[in-house]
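The next block holds one structure in the form of structure tokens; read it before the comments.
The values are calculated or read from the model by the stated rules, or taken from the named source; none is laboratory data. Everything numeric here is computed off the predicted structure, so don't read it as measured data. Glycine gets a Cβ as well: all are built from the backbone with ideal geometry, and neighbour counts include every protein chain shown. Ligands, DNA and RNA are excluded from the accessible area calculation, which covers all protein heavy atoms including side chains. Shrake-Rupley method; radii C 1.70, N 1.55, O 1.52, S 1.80 Å.
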Amino acid sequence: MNQSREQEAISAYLKLLQAKGATTNVLYKHSLFLDKLAESLANKLLEPAIYSKVIDTVLKTIPADDWHTNLNTAREFYPFWIKDIKAIAAFNLNYGFDVAAIQWKPIATSLKALIESLEKESFDTAESWPLKAYALAMRDQGAEQSLVDTRIKLAKVMAIRLRDAPIKNHKSYRTAAELTLPLFKMTEAKQLFLLVVREFYNFWTGNPNAASMLLNDYSNYN
């Protein structure tokens, strides 16, 4: 019997995970999400914009606490769906289960509690310098102070969420971002948070070229 394009991709993805040591429970959870994704992807063009839109639609049907795991699954599954052989080969070569990164989650909270905590939080040197560098980069590009203040407030939210991460790397940063995103209810606020997350990451990692990698032209926000 012929399998659908999506089922073939799911089968290939899960077989690779199994070969890499994924447990039956992990495979089962991945397959539940992928089956939902497959229904919405059927007969769609193999385009990243379409894939992204489908993911957004499917995630709305899933509890927010599961977004992080499912977003990771969707990210990994994409090259299998479009049959990107080079990307699949790279995935096969580099994939492994980072237990600490998978298990860690920032403490459950609300957006209201996070914003209110900013008034009394103090940030140590390691937290302060990327925040100051991000603010300076925006001001150097001509951003008004009110805009800088808003974005730095969101960057501080990320800094707080990352405090108890066992390992400070791109995986913990992504986990913190993806588990904070559902706290924002309005689409516009979510989009702004994601923009800050992407920009602030370069300062948080100490990238010397971070200032030149701002996504917005802040001179247009006057």
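Table for the structure above
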{"read-out": "Residue check, residue 42 hydrophobic (A, V, I, L, M, F, W, C), farther than 27 Å from residue 181 by Cα, in contact with a helix residue (DSSP H, G or I) (Cβ under 8 Å, 6 or more places away or on another chain) and free of Cβ contacts under 8 Å to residues at least 40 places away in the same chain", "value": "yes"}
{"read-out": "Residue ID - nearest to residue 68 (Cα to Cα), chosen from residues in the range 160-182 that are assigned to a helix (DSSP H, G or I) and open to solvent by 40 Å² or more (accessible area, probe 1.4 Å)", "value": "174"}
{"read-out": "Evaluation of residue 38 against (1) closer than 27 Å to residue 203 by Cβ; (2) in a helix (DSSP H, G or I) (one fails), failing number", "value": "(1)"}
{"read-out": "Hits in the range 183-194 - residues which are open to solvent by 30 Å² or more (accessible area, probe 1.4 Å) and part of a loop (DSSP other than H, G, I, E, B)", "value": "185, 186"}
{"read-out": "Meets criteria (over 27 Å from residue 75 (Cα atoms) and not aliphatic (A, V, I, L, M)) for residue 104", "value": "no"}
{"read-out": "Search result, residues across the range 149-159 that are open to solvent by less than 60 Å² (accessible area, probe 1.4 Å) and touching a Leu at 6+ places or on another chain (Cβ under 9 Å)", "value": "151, 152, 154, 155, 157, 159"}
{"read-out": "Unmet criterion (only one of (1) of a type outside the set (Gly, Ala, Ser); (2) under 30 Å from residue 61 (Cα atoms); (3) open to solvent by 20 Å² or more (accessible area, probe 1.4 Å); (4) in contact with a helix residue (DSSP H, G or I) (Cβ under 6 Å, 6 or more places away or on another chain)) for residue 213", "value": "(2)"}
{"read-out": "Contacts under 9 angstrom Cβ, first residue in the range 122-147 being more than 17 Å from residue 201 (Cα to Cα), partner charged (D, E, K, R) and open to solvent by 90 Å² or more (accessible area, probe 1.4 Å), 6 or more apart", "value": "145/139"}
{"read-out": "Complete set of residues in the range 104-146 that are open to solvent by 50 Å² or more (accessible area, probe 1.4 Å) and of a type in the set (A, V, I, L, M, F, W, C)", "value": "107, 108, 115, 126, 129, 136"}
{"read-out": "Residue match in the range 148-159 (condition: in a helix (DSSP H, G or I) and in contact (Cβ under 8 Å) with a residue 60 or more places away in the chain)", "value": "no"}
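Okay, residues lined up against (1) touching a Gly at 6+ places or on another chain (Cβ under 6 Å); (2) at pLDDT below 85; (3) among the aromatic types (Phe, Trp, Tyr); (4) in a helix (DSSP H, G or I):
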position: 22; (1), (2), (3), (4): no, yes, no, no
position: 53; (1), (2), (3), (4): no, yes, no, yes
position: 73; (1), (2), (3), (4): no, no, no, yes
position: 86; (1), (2), (3), (4): no, no, no, yes
